[in-house]
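For reference, the structure discussed in these notes is given below.
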Amino acid sequence: MKPRLAISFVLMLVASPLTLAHASAERSEAMLHRAYFTEHVLHDHVAARSIYSQAVQSDLAEDLKLVARIGADRCRDRIAAADFSTLMPPDTLVYAELRRPGELIAALSDMLGMTPESMRALLDRRPDAAAGTMMNIPHEIAISPTLLDALTSFGGAAVGLTEIDFEGHRPPRGVLVIHHGDVQLIKGLIETAFQFAPTAEKIVGMPTFHSPVPDLGGVTGVLTEGLLIVGNDRNLVESAAGRLVGKIDDSLRSREDLQDVFAERGDRTFFAFGDLNGIYKVVKQNVSEHDRDDLVVANSFLDLENLRWATLSFGANQGAVGLTARVCYADDHRSIVYNMMRLPPMSRDSLRYVPADAGAVLGIGLNPALAHIAAGRADDSTDVTGFDIPREIFGNIRELCAFVIPGPAGKTIDGHDPIPNAALVIASNDVKRSRALWNEMLRIPGLTIESGPVEPKEFKLEGQNVTSYFIPELGNVYVAELDNCLSIGLTRRAIQGVLKTKNNEKSILDDESMGKALARLPDSAGIIVVGHVGRLAEVGADMGEPELAAVSGPASKLCRNTTFWLGVGQSRTQLTLTGALMGLPNVNEALAMFGPMIHRHHGASHSRSHSASDHAISLEHDHVNKSTTGARAVAK
């Protein structure tokens, strides 16, 4: 027994390292599988890169280590493509990026109702009959999800310029980065073409080329696992590649003064940035003597020296397609032009009296809230002077908004022209002063009538006091006082809508569509425009024009959820312009509405085409028969 035990013990000693090595290899391969799953299914490229890097350091076979190394590089490039600004030099003057443009196309397809749940089910619903036409007009149009997946696979591109010759004597100096994403065709074409590119000293150990290009100088390029970095200055390409592999830390993204800029960028598809301060310095250094005086004058009015940056972004977010532009000054700027045109932000108090079903609203802020104005005036004073008009505009009115609501339009005195149901809401520091001034201004037209003056009339509407003023050739205009606001309506329906809103406490701010649009405008907005396309179409239909009504009817149905907004914000140091469109009409709903007409027209055209062809064939047969008969007669 003892020899057998000894032999078994020796075999165990020999087999144990092999077993442990096999188990370790299995764990390493499992790590590689987990990295692939994390990258392609979970889309967590930071975690996937970490797992790939661990796999490279494990006891994997060399061929599997190469797979892990390529995976780590692929995730590294994907992380960089999520924010191309991390690869750009900090002294970049102009920067523009396009990130995942296919995602914007996919978002628009979804908004328009053109993304089917199953493309196969849609194709199976095609008619099972020969139509005999050159093209089929489907009853439902869709974009294949496979095509959308292919479009969203492209990672995007970015460009950064560090030198710009505004005189045009030298080409701009910069770097371009392209990320092919998961598009294997683009990756394959780039890798295949790279074989034939002129060789150069490698940058960070990666394939590199250098080639002279007319008008650009020498162009240098580096090919990584997922990126193509190209520039007309080798140092810029080297620094971008160095940032990619972690050898260089500073970048455009790391600048402390631009942290808020890139934070506000969000996930917009397109983003552009301009370093206005750096651009001004370049212009100042290179300006000709002929233009130097003009630059000095422009700087005096615009304070160009204290301009900081400008941005432009575009993309889809939360079901809306929008664009935002910003220009920023330094805190201590003295721009005469900007300060003279700057408006205070709207408090939006006037919007509390705009009916919830308004089709559109235009608001503007004029003056800040000044409580001491109302406190210093006697309530019973109604004296008005000519100077009260500029005081009203430049001191008393805090903000005003105009709106229009659907409903049967009013008529002018002669009954020929329609009057929309529109009204104005004025929020004042002193509503008594505003009421006295507007009372005098609206009384004047009624006093000039040849048949005799028409005095204002007071009556009750919705439990509130309303005054009507007669305007020649127009009709009556209605005025009502609402707490700290004053409302002027062109029609009785419009002023009644304001009073109902006051009583019911439901306004445009509470509306599901318009309220969301108003909430997405910046708090600094001093000018706002918000519209509901469907309701505006109803307003057009109510104006009594048959041609307009024919178009407005279908439009109001298709655009029942479509809203748009535009806001201009003017804080002390930043000008913001933003606009967006939300709730786009469904394409297939429009096709269902107009499809029968399109199919009838298409069928009629096809029938006419066949009739013309048959007629031509008939004429040709007649010609042949006549020719044959004539030939036989000659032969006889």
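The values are calculated or read from the model by the stated rules, or taken from the named source; none is laboratory data. This structure is a prediction, so every number in the text was calculated from the model and none was measured. No Cβ is skipped: glycine too gets one built from the backbone with ideal geometry, and neighbour counts run over all protein chains shown. We work out accessible area using only protein heavy atoms, side chains counted, and drop any ligands, DNA or RNA first. Shrake-Rupley method; radii C 1.70, N 1.55, O 1.52, S 1.80 Å.
Of the residues making up segment 126-147, one or more are surrounded by fewer than 11 Cβ atoms within 10 Å (Cβ to Cβ), part of a helix (DSSP H, G or I), out of contact with any strand residue (DSSP E or B) (no Cβ under 9 Å at 6 or more places or on another chain) and of a type in the set (Val, Ile, Thr). Being farther than 30 Å from Pro138 by Cβ and either out of contact with any helix residue (DSSP H, G or I) (no Cβ under 6 Å at 6 or more places or on another chain) or of a type in the set (Gly, Ala, Ser) (or both) holds for only one residue in Gly540, Gly534, Gly583, and it is Gly540. From the list Leu104, Leu98, Leu151, the lone residue that is touching a helix residue (DSSP H, G or I) at 6+ places or on another chain (Cβ under 6 Å), under 30 Å from Thr311 (Cα atoms) and not in a loop (DSSP other than H, G, I, E, B) is Leu151. The number of residues in segment 212-243 that are open to solvent by less than 30 Å² (accessible area, probe 1.4 Å), outside any helix (DSSP H, G or I) and among the small types (Gly, Ala, Ser) comes to 4. Condition test on Arg78, is it closer than 23 Å to Gly266 by Cβ, open to solvent by 30 Å² or more (accessible area, probe 1.4 Å) and of a type in the set (Lys, Arg)? When the stated conditions are applied, Arg78 passes them. Take Asp215 and tell me if it is within 20 Å of Pro101 (Cβ to Cβ) and modelled with pLDDT under 95. Criteria not met by Asp215. Here Asp91 passes the criteria (1) exposed (fewer than 14 other Cβ atoms within 10 Å of the Cβ); (2) modelled with pLDDT under 95; (3) in contact with a helix residue (DSSP H, G or I) (Cβ under 8 Å, 6 or more places away or on another chain); (4) of a type outside the set (Gly, Ala, Ser) except the one numbered (2).
Checking Phe459, Phe387 one by one, the residue that is of a type in the set (Phe, Trp, Tyr), farther than 25 Å from Ala537 by Cα and modelled with pLDDT under 90 is Phe387 and no other. Of the residues making up segment 441-451, just one is loosely packed, with under 15 Cβ neighbours inside 10 Å, under 16 Å from Ile488 (Cβ atoms) and either touching a Lys or Arg at 6+ places or on another chain (Cβ under 6 Å) or not β-branched (Val, Ile, Thr) (or both), namely Met441. Taken over segment 244-257, the criterion of being over 29 Å from Tyr329 (Cα atoms) and surrounded by 20 or more Cβ atoms within 10 Å (Cβ to Cβ) is satisfied by Leu244 alone.
In the set Gly534, Gly544, only one residue is small (Gly, Ala, Ser), surrounded by fewer than 21 Cβ atoms within 10 Å (Cβ to Cβ) and more than 27 Å from Ala480 (Cα to Cα); that residue is Gly544. Only residues that are closer than 19 Å to Asp182 by Cα and crowded, with 17+ Cβ neighbours inside 10 Å were counted in segment 37-66, giving 6. Residues of segment 164-203 that are exposed (fewer than 15 other Cβ atoms within 10 Å of the Cβ) and in contact with a helix residue (DSSP H, G or I) (Cβ under 8 Å, 6 or more places away or on another chain): Asp165, Phe166, Glu167. The condition of being free of Cβ contacts under 8 Å to residues at least 60 places away in the same chain, under 31 Å from the mean Cα position of the chain (by Cα) and open to solvent by 20 Å² or more (accessible area, probe 1.4 Å) holds for only one of Asp260, Asp267, that being Asp260. Of all residues in segment 302-341, those satisfying the criterion of being in a helix (DSSP H, G or I) and either surrounded by fewer than 13 Cβ atoms within 10 Å (Cβ to Cβ) or under 25 Å from the mean Cα position of the chain (by Cα) (or both) are Ile336, Val337, Met340, Met341.
Being among the small types (Gly, Ala, Ser), outside any loop (DSSP other than H, G, I, E, B) and open to solvent by less than 10 Å² (accessible area, probe 1.4 Å) is the filter here, so list the residues in segment 342-363 that pass it. Ser350, Gly363 - these are the residues of segment 342-363 that are among the small types (Gly, Ala, Ser), outside any loop (DSSP other than H, G, I, E, B) and open to solvent by less than 10 Å² (accessible area, probe 1.4 Å). Kindly indicate whether any position in segment 213-235 is in contact with a Leu (Cβ under 6 Å, 6 or more places away or on another chain) and under 30 Å from Gly315 (Cβ atoms). Checked against the condition, which is being in contact with a Leu (Cβ under 6 Å, 6 or more places away or on another chain) and under 30 Å from Gly315 (Cβ atoms), segment 213-235 yields at least one hit.
Scan segment 286-299 and tell me whether some residue there is in contact (Cβ under 8 Å) with a residue 12 or more places away in the chain, within 30 Å of Leu482 (Cβ to Cβ) and open to solvent by less than 60 Å² (accessible area, probe 1.4 Å). So far as segment 286-299 goes, no, none of its residues is in contact (Cβ under 8 Å) with a residue 12 or more places away in the chain, within 30 Å of Leu482 (Cβ to Cβ) and open to solvent by less than 60 Å² (accessible area, probe 1.4 Å). Taking segment 411-440 as the range and being of a type in the set (A, V, I, L, M) and surrounded by 14 or more Cβ atoms within 10 Å (Cβ to Cβ) as the test, the residues that pass are Ile419, Ala422, Ala423, Leu424, Val425, Ile426, Ala427, Val431, Ala436, Leu437.
Residues checked against (1) without any contact (Cβ under 8 Å) to a residue 12 or more places away in the chain; (2) small (Gly, Ala, Ser); (3) out of contact with any Ser or Thr (no Cβ under 8 Å at 6 or more places or on another chain); (4) not in a helix (DSSP H, G or I):
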{"position": "Gly553", "(1), (2), (3), (4)": "no, yes, yes, no"}
{"position": "Arg560", "(1), (2), (3), (4)": "no, no, yes, yes"}
{"position": "Val568", "(1), (2), (3), (4)": "no, no, no, yes"}
{"position": "Thr578", "(1), (2), (3), (4)": "no, no, no, yes"}
{"position": "Leu581", "(1), (2), (3), (4)": "no, no, no, yes"}
{"position": "Leu584", "(1), (2), (3), (4)": "no, no, no, yes"}
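Of the strands (runs of 3 or more DSSP E) that lie entirely inside segment 423-523, those containing 3 or more residues that are of a type in the set (A, V, I, L, M, F, W, C) span 464-471, 475-482, 485-489. One residue is enough: does segment 460-471 have a residue meeting the conditions farther than 12 Å from Ala356 by Cα, among the basic types (Lys, Arg) and in contact with a Gly (Cβ under 9 Å, 6 or more places away or on another chain)? Taking every residue of segment 460-471 in turn, none turns out to be farther than 12 Å from Ala356 by Cα, among the basic types (Lys, Arg) and in contact with a Gly (Cβ under 9 Å, 6 or more places away or on another chain).
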